[in-house]
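Shown next, in structure tokens, is the structure this report addresses.
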Amino acid sequence: MGEEQIELLVTFYKALADESRLKILGLLAAREHSVEELAAILGLREPTVSHHLGKLRRDLSLVRMRAEGTTHLYSLNVEALRGLQRAQPTPERLASLVDDLEAEAWERKVLRDFFEGERLKEIPASRKKRLVVLRWLAGRFEHGRRYPEVEVNTLIKRHHPDPATLRREMIAAGLMQREAGVYWRPDAPVSVAVPEGGAV
């Protein structure tokens, strides 16, 4: 579940966490109503009803409005409601949120364990931990730029004294590509966790 979907769901639940707004949507699901009608049915002031309708229209597009003479009539936007229903969290989507958080926290821990400042203390023996380090290292290279091997070595040596091993490992992991002594990052961006307390 992406950040946009999460924000949408938060907005959805906030908008519906109000009894009056839920009742307004219920009335509009049955038929069109004017602000005056809604206020009379719900026992609310017209400005209060207008405020609720504005929130439902602006934040979620759940309400449609059309003019009939000088009267504005409001109805439920069924398509928008169905779209929000499709975005509702399933157990799998909720679990994916935690998976992402756990993965990011674990990557930050690996980087803290194996780096001192920007110096890699040792190349991890564990393949999974080594990949975290390699992804971080690949992130030091710019997308779209070609690097001669001597420049790759210079950049890697800022972080570890064995550039040959780390070059080979990045290529084997698909994080860098090489041809005729020239290196570059592949098109897909490298996702790199940032440790707490700043960049490693």
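Summary table
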{"item": "Length added when fully stretched, Glu142-Glu68, from 0.36 nm per residue minus Cα-Cα", "result": "20.8 nm"}
{"item": "Distant-in-sequence amide H partners of Phe115 (H built 1.01 Å from N, under 5 Å)", "result": "Lys121"}
{"item": "Pairs of lysine residues in the chain - Cα separation under 24 Å, sequence separation of 8 or more or cross-chain", "result": "11"}
{"item": "In degrees, nearest ten, helix 91-114 long axis to first principal axis of the chain (Cα)", "result": "30"}
{"item": "Measure of compaction for segment 1-56 (Cα Rg per 2.2 N^0.38 Å)", "result": "1.28"}
{"item": "Cα gyration tensor shape of segment 134-180, rounded if a/c is under 1.5, else prolate or oblate by comparing a/b with b/c", "result": "rounded"}
{"item": "Fraction of the pair-distance distribution of segment 91-184 above 22 Å, Cα-Cα pairs, percent", "result": "34"}
{"item": "Relative contact order of the chain, defined on C-alpha pairs under 8 angstrom at six or more residues apart (%)", "result": "17"}
{"item": "Radius of gyration, Dmax [segment 31-113; alpha carbons; angstrom]", "result": "21.3, 70"}
{"item": "C-alpha long axis of helix 46-60 to longest principal axis of the chain, angle in °", "result": "30"}
{"item": "At 1.306 mPa s and 10 °C, Stokes D of the chain from Kirkwood alpha-carbon radius, µm² per second", "result": "74"}
{"item": "For His160, residues with placed amide H under 5 Å, excluding near neighbours", "result": "Leu120"}
{"item": "Most mobile listed residue (Ala164, Ala67, Ala172) in the chain, GNM with C-alpha springs under 10 Å", "result": "Ala67"}
{"item": "Cα long-axis angle, helix 19-30 against the chain (0 to 90 degrees, to the nearest 10)", "result": "70"}
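Just so you know, all these numbers are worked out from the coordinates, no wet-lab data involved. Everything numeric in this text was worked out from a predicted model, so none of it was measured.
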